[in-house]
Structures are given as structure tokens and as C-alpha cells.
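The structure under discussion appears below in the form of C-alpha cells.
What follows is calculated from the coordinates using simple rules that are stated; it is not laboratory data. Quick caveat: nothing in here was measured; it's all calculated off a predicted structure. Cβ coordinates were reconstructed from backbone atoms using ideal geometry, including for glycine residues, and neighbour counts include every protein chain displayed.
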Amino acid sequence: MRPANVGLLLCALLLLCPHAARAQQKLLTVEDIFDPAKKVSFSGAPARERVWLADGEHYLERAGRGDSAALMKVNARTGEAAPFFDAARMEAALAKVQGLSAAEAKTLAHQDSYKLNRAETAVLLNAANDLVYYELNTGAATRLTTNAEGEAEEDFSPDGRFVSFVRGNDLYVVDVRTRAERRLTKTGDEKTLNGILDWVYEEELYGRGNKRGYWWSPDSTRVAFLSIDERPVHPFPVVDHIPRRQDLDDTPYPLAGDPNPLVRLGVADVSAGEPRWVETAGYEPTDFLVVRVAWSPDSRRVVWQGQNREQTYLDLNAAEPSTGKTTRLFRETTKAWVEAFDDNPRFLKDGSFIWRSERSGWSHLYSYAADGKLVRQITSGPWEVRGLDAVDEGRGLVYFHGTEHSHVAEHVYRVGLDGSGLKRLSEAEGNHAPSFNPTATLYVDKWSDVNTPPRVYLDTSDGAQVRVLEENRVPVLSQYSLGKAELMRVKARDGFELEALMIRPPDFDPSKKYPVLEFTYSGPHAPQVKNAWGGSTYMWHQLLAQKGYIIWYLDNRTASGKGAESAWASYKNFGPLELRDLEDGLAYLKTLPYVDGSRLGIWGWSFGGYMTTYALTHSKQWKMGIAGGTVADWANYDSIYTERYMLTPEHNPEGYRAGSPLAAAANLSGKLLLLHGAIDNNVHLANTIQLAYEFQKAGHQFDLMIYPKSRHGVTDPYLVRHMRQKMTDFILANL
């Protein structure tokens, strides 16, 4: 039985046991939360990664640490575990591979995870600047490549006969048995990328950390790939000042309105011939994005999604791989932009497919015939499908996670392919993140709520709990005096219900007046108010609550996750509506007798940094703000993200001007601390430097802290500790 609310149970125990309440007086420190040598594990043990095997009854899980670590094959239902392979045998085999040291062999034999072929009989290792193939059954290790230049984005073909990879920005395959290597593309150089993504495509379309730009056909005969021409893109210099002779990273980075990379979609035959280019008639080469690529299950069609530069529509296309001839299956449009989901079409056995769309203003599932004709809408209502998890064609069921039950917590659901029988499978209040097995019979459920660190369960696809995988009790939390976290709703001036969260000081006295620190992100469809564990930032907010601050989260409507229709309200106009909603939240706070309306602060990072500087240059409501990694002006940010919401600066000059903290820097109100990573290659340090310059010219005093060798997020543990101490001190001094 899962606890509905651990926080409430704890409160009840404290009322019954006053001596326990007296013992729970420990106060948090920055070192407790962030010091790498002293920090307390308030979130407990990190959830272990579990990778489902093809049989659907077993998963892989890492046990142990370092040289004693082993990859275990676990029976999901019983927990019975055995080593997936003999690590000592792998180590011995790898030590005999030319170019691999004994130390490297040991490390490779005890990795946390491996790239498996589909038959689950072999693994692929990137080691000693080359690729090594290891057979689990025979214990044989083979070096597949011997090249001075390294290989990247390696993968198995679906049948396991080939290994694909990118070298020198060209796409290759190598035959596992013969080690015969074939170069599929021949145009790769510093400015032409084949099969690998550039910065903006990775960051804004395919997902940070996913640089692969190629896709195997299911029959293993062809590879579809993107060819990206960076020559039109202006480079942006990022300087690391720590080396005596500074390092310069000159990255192609298209600013809003500047030239984008040119992209082509090609198809290469593994056996012979030159790549064929997919037909893109009707699209302008400089006004064209390829945002998703997949194959039909029969390998007869490359199914790809194309958009215009400002993303006002999205086409689902099907191309014939031997000729490149393209047919448009349908076009998505909305009242504003169309954002590409992570999902490709989920194909069924007859060639029909399930598609997720926001066309109604809410993300829902639709059924389509193979020719692109709409069959039916599967889900509907004023809530969102956040992700399609599994399909059981035999039972006619679709599994997904979404917000039908709560806008601030995702739950697990199933529904019939015909749209009937919608059922919520996850019962416990809080947030559920499912990982279904390949047979859609079981799923691993990672659950938490605002008071409880993540726990992991195994459930059947009917929602019945099989067993607890990770209880993750964190008794240390009970040693600290923590404030009450309360989820609530506040009505904006036009009646829209804004989701909010308040953390009161643990010794809260309603007869006193408290300052308030607000945390915000505010970006489109990016809610921060969640009935889920908040990790180290949540604990830092608890530290501030212990020091006498009320902590306040409020999701403005465009960030709320309440459907695309809510986010569309900010179209072409970042800033004003977000600010209005945040100010409506402050108006509510000022009605509370225990809030000191003259001491309100705000902080955020990235879009939240932008919103903080926008608030302090367009409002006088906040006494102080902390802005990290801020966008000072949307003309400074990348093309694909910015133009989706704001169009180009040429097409929307007034929107850019009205949404610019930089343009309004002379109006700064309140104390401001600017934070930025010195080598941020996402939101460039230039944003903060430009703001500083305008503040200085206007005579405004402010604080500034730069974090060397840090990109968009400060990750070095010692710098994180420094930053959080700086933030704490700034709040104590100015709020």
C-alpha cells in the first residue's frame, strides 16, 4: 500500500509525540544541501536505471559500485537476479584487444550500462578511440575499427549484422563478421554534418544529449540521415578564461532572424550506391526544418516531419526510399505555433498509426489510417496526454501518462484504441513516471509527491502492484524542522485559475508578517508547481523558510501546462502577460494578514532569469531579484526556440521590443543579483554583460557573479555550493 501523504502522517505523529517534535529542531545549512564533502542525502538513494529486456519479464539493473559492479538480469515479478554476463571473462577478453590497457578493460567490464544488439547477445563499446564488439555467449572481443579519428553515435543495425557510426562528420557502417567498412557519405567536414546534429538541432528539436541524426530501416538495408550545412550560420565565440592562453569555442549558433543551417534528408543503401535525397518540393531551403524522422514498420516509407522556419505548421510526410518521392499525409496547424512532440507516429500492424496533437488546444491522441486519413480522436477533454507509453494491440489498449486527474501531477492511464474505457491506473496522489515493458504487461512506476522523495514500484498494466522495487525511506528528513508545503490555486483578474505552492516557515505564526521569495520559470508550457519531490532546490527553499521566509511558486497561465491554448496567449508577446499573472499572484499574497507586501523577492534561471529581469525592469512590486543565465533580449537567443513563439525580429519588432529587459534597463527597480556561467553556450554570457552595461549607464547599482568553466547550468559541486551561499547571503541582506 502506497502512502497517500507522508507529510500528513508525520504531522500526526508529531502531535501525538511532543518529544519527537522537540527532537525535530535541526536547521539546514548550505553545506548540508550542496557541499560535496558534507552534504546530506535528502533525496535518498538515486533511483536505479532499469532497462527492460525483450521478453518483458526481465530487466537489467546495476548492482554494486566501481570494480565490483555487476550488470544483473532481474526477474521483474520475483526480484530473482543473476549476472547478465561474466564480467571477469569480459575483462580478460578486452585486455587482449590491441590498444586496450588492463585498467581500461576493467572499467569497460564494469560499466553502468551497455549498448546491446536487438538479440541481446552482444554489446558495443567505444574504447581506445575505436569500436569494440563483444559477444556475451562466446566471450569473444573484436576490434571493429582501427582509425586515428574517433567514432561517435555508434549503434547496431536492427538485425545486428552491422554497426553504424559517424567519423569526421560522415556516416559509416561496418560488417560485424567481416569487419568490412563502408563510407555511406563523403561530404563531411567542419561545416557539413552527416548523421550527426549541430547545436541548435540537438538543443531545440531532438533533445539535449541526443546528437544522433540517422535512423536504420527495420529491415537493416538502409539508413535515413540528416545532412546539415552549417556554412550560412554565424559562429558565436565562447571563451574559457581559466587557461593561461584562453580557449575559444567558436560554435555555429543562429540567433533569432539570422541564417539557419541548411538541412537535407538522405537515404543511404548499406550495400552500394550513392545517397538519395528525399524530395522537399514546396519547402524553401532557407525556411525549412526536419524535426522528426522514422520508418514505417515494413521499411517501405521514410516518415518525416517538416516545418517552416517560424513553425506555424507541421507536415507529416512519407517518402519512397529508392526514389525520394514524398507524399504529404497531412498538415498540422493551430491558432499559433505547432511544437513537435518527442513522439513519432506509433505504427500498428496494419500500417495505421497513433498520433499526438495539440490542434484542439490540448495534447491528445488520434487514430490515423496508413494513408494519413483521420479515423478518430482517441482521447479528449480539458487535460493533456503528456506521453504515449505502450500499445497492446491484442487487447486493443493504449497506455499513456497525462493530467486528466491533476494538472500538477502526471498519472498513468489506459484507453481503448476506439477511445472507450479511459481508466486511471495510478491511484496514489503525486507524480507517476512509468516505464512499460515491451509486451505492455508490466511497468516500473517512479512515484513521488511534494513531501516524499522518489519511490519505485512494479505494477501490472492493469494497475495492480506487484512489488516494491525501491522503498527509499529517507529518515534523515525527520531530523530537520521543515516548513509545510501547500498546493493551492489563485484566480487571476480574468478568472483563470493559476496553480501555486507555498512553503511556510516551520515555526509559522499567523500573527506575524513574513517576507516572500518567489521562484519562477514562466516559459511556455513549463510548469514548476508540481506534486512531486523537488530535490536540492526544494531543500534550499526549506532552508530559507527556516530563516523566516515564505516561499512562493506560481505558474503563470502560459507556463501552467494547462493545454497549449493557455501557452498560446503569449504568442508573439513574451513578457507582459506572464508579468500580469505573477502580479495577480502578489495581489493575492498581499491579502494574507501574515505577508509583508513590502518585502517580496523573485528568482529564476534561464527563462526564469529572463522573467526576473523583466519583472524588475517593468514592475515595482518586487524588492529584490536573482536572475541566473538570463536572456536579456530575445534577439540574443537561438532561432528555432525563439521564432517558434516570437516569429523573427523582422516580422515582430514590437513584440521583441516590448519583451526586452535590455530595452527597459533604465527602469530597474529593486536590488538585483545577476548570475551566469562563463562558458554558457546556450544563453550566452553576452546577455548578462549587455544588461550590466545598460544598468551601469543608467546609474543603477547591482550585484554580479560569474562562474568559470560553467555552461548554462552551474554543475561543479564546489561552484554550486558557492553560488547557493551567495544567493542565500543576498536574500538575507536585501529581503
Total charge dipole magnitude, the chain, about the Cα centre, Cβ charges on Lys, Arg, Asp, Glu only, Debye to nearest 20:
1480
How far apart, in nm, are two points set 7 Å out from the Cα along the Cα-to-Cβ line at Ala569 and at Lys96?
6.8
Once both labels are modelled 7 Å past Cα along the beta-carbon direction, what's the Ser478-Lys335 spacing in nm?
5.1
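So for the range 458-521, what are the equivalent ellipsoid semi-axes in whole Å, largest first, each being the square root of 5 times an eigenvalue of the Cα gyration tensor?
On the way: eigenvalues 222, 108, 18 Å².
Value: 33, 23, 10 Å, ordered largest first.
Any idea what diffusion coefficient the range 50-163 gets from Stokes-Einstein, in µm²/s, Kirkwood Rh on alpha carbon pairs, 20 °C, 1.002 mPa s? Let's see the in-between values first.
On the way: Rh = 14.7 Å.
It comes out at roughly 146 µm²/s.
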Any chance you could tell me what percent of the C-alpha pair distances in the chain go past 34 Å?
55
Can you tell me how much longer the chain between Ala152 and Ser511 gets when fully stretched, taken as 0.36 nm per residue apart minus their C-alpha distance, in nm with one decimal?
123.0 nm
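Rounded if a/c is under 1.5, else prolate if a/b beats b/c, else oblate: with a ≥ b ≥ c from the C-alpha gyration tensor eigenvalues square-rooted, which is the range 280-411?
Working: a/c = 2.32, a/b = 1.30, b/c = 1.79.
Note, shape of the range 280-411 comes out oblate.
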Across the range 374-442, what fraction of all alpha-carbon pairs, as a whole percent, falls in each successive 10 Å bin from zero upward?
21, 55, 23, 1
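Taking 20 °C and 1.002 mPa s as the conditions, I'd like the Stokes-Einstein D for the range 480-734 in µm²/s, using the Kirkwood hydrodynamic radius from alpha carbon pairs. Working shown, then result.
Values: Rh = 18.4 Å.
The diffusion coefficient I find is 116 µm²/s.
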Cα-only Rg/Rh for the range 528-568 with Kirkwood Rh rounds to 1.12
Putting +1 on Lys and Arg Cβ atoms and -1 on Asp and Glu Cβ atoms, find which of Leu397, Leu205, His722 reaches farthest to the positive end of the dipole of the chain.
His722
Determine, at each q value in 0.18 (inverse angstroms), the log₁₀ of I(q)/I(0) that the Debye formula gives when each Cα of the range 184-333 is one equal point scatterer.
-1.09
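Over 18 Å between C-alpha atoms is what I'm after, so list which of Lys26/Lys547; Lys73/Lys349; Lys38/Lys709; Lys335/Lys373; Lys547/Lys590; Lys590/Lys726 land there.
Values: Lys26/Lys547 12 Å; Lys73/Lys349 30 Å; Lys38/Lys709 23 Å; Lys335/Lys373 22 Å; Lys547/Lys590 20 Å; Lys590/Lys726 28 Å.
Long pairs (Cα-Cα over 18 Å): Lys73/Lys349; Lys38/Lys709; Lys335/Lys373; Lys547/Lys590; Lys590/Lys726.
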With the Cα gyration tensor of the range 494-534 in hand, convert its eigenvalues to equivalent ellipsoid semi-axes via √(5λ) and list them largest first in whole Å.
25, 14, 10
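With +1 on each Lys and Arg Cβ and -1 on each Asp and Glu Cβ, and nothing else charged, work out how big the dipole of the range 572-710 is about its Cα centre, in Debye to the nearest 20.
Working: 11 positive and 13 negative charges, 77 e Å.
Dipole magnitude for the range 572-710 comes out near 360 debye.
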Gyration tensor (alpha-carbon) shape descriptor, the range 615-702, a/c threshold 1.5
oblate
Cleavage-rule hits, GluC sites (Glu not before Pro), the range 584-682, DSSP coil, Cβ neighbours within 10 Å at most 15
Glu650
Restricting to Cα pairs under 8 Å and 6 or more apart, the percent relative contact order of the chain works out to 9
Principal axis dimensions, largest first and in whole angstrom, of the range 343-470 by Cα:
47, 31, 24
Apply 1/(1 + (r/R0)^6) to the Cβ-Cβ distance of Tyr313 and Ala658, taking R0 = 22 Å, and write down the FRET efficiency to the nearest 0.05.
0.30
By the Kirkwood definition, with r running over pairs of different Cα atoms, the range 93-148 has a hydrodynamic radius in Å of 11.4
How big, on average over all directions, is the shadow cast by the Cα convex hull of the range 137-181, in nm²?
3.6
Is the range 326-401 rounded, prolate or oblate when judged by the Cα gyration tensor, a ≥ b ≥ c being the square roots of its eigenvalues, rounded requiring a/c under 1.5 and prolate requiring a/b larger than b/c?
oblate
Quick check: pseudo-label points 7 Å beyond the Cα along Cα→Cβ at Ala733 and Ala119, how many nm apart are they?
6.6
For the range 26-81, what are Rg and Dmax over the alpha carbons, in angstrom?
16.6, 49
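So what's the back-of-envelope 222 nm ellipticity for the chain, counting only DSSP H runs of four-plus at -39500 (n - 2.57) apiece and dividing by all residues, rounded to 500?
On the way: 13 runs with 125 residues, N = 735.
It comes out at -5000 deg cm²/dmol, rounded to the nearest 500.
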